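To start, the structure under review is shown below, and the notes come after it.
None of the figures in this text is laboratory data; all of them are computed from the coordinates on show. Since we're looking at a predicted model, the values are computed, not measured. Glycine also receives a Cβ, built like all others from the backbone with ideal geometry; neighbour counts cover every protein chain displayed.
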């Protein structure tokens, strides 16, 4: 069964809106030493509906995070408030054009996010479980904090980095995002768009 990602709709648009908030630890803030990324995924009212965290312990994982920084391979687990596994987002190491494989709570492959090369655009393809293109994600050149999700030629969602406040932006480098999805979006695309938010964060906003 595919993971279903939903939250209360924005009353002004009817769209599903989730907020992804990254939480930094003071050790990383003060020393610059990379620790595992942690996120809360909240509804419109700011109530946590899911939690996400980067896995991997031991010296090897620490060194990868410290030296490879935003280019490091990662595995992020997304869990519900009871601790149940909902999604796993796994990014293998690649020198160029990142990719993230997405599995549901049972370990079944549900799709992938593949970065594409393009002139003056930031572009990803959302693939279904058979590797077929299911949607495109594009970041317009003049809107560096906005990524549009397109399906069959029309927009069905947006991933936007949100301003975190002067002190937080300057000292913690924690990234906040909003994920807005049209009510007509295919349920199979919802978890993949959430997974894409984490890849977008690492590729374009994670500290280098």
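Things to note:
- Per-q log10 I(q)/I(0), the range 42-147, q = 0.10, 0.12, 0.16 Å⁻¹ (Debye; single scatterer per alpha-carbon; no solvent): -0.36, -0.53, -0.93
- For the range 16-205, the share of alpha carbon pairs falling in successive 5 Å distance bins from zero is 1, 8, 16, 21, 22, 18, 10, 4, 1, 0 percent.
- Separation between Cα centres of the range 37-87 and the range 113-155, rounded to whole Å: 23 Å
- FRET efficiency, residue 55 to residue 184 (Cβ-Cβ, R0 35 Å, nearest 0.05): 0.55
- A simple spin-label model places pseudo-atoms 7 Å from Cα toward Cβ; at residue 106 and residue 119 they are separated by 4.6 nm.
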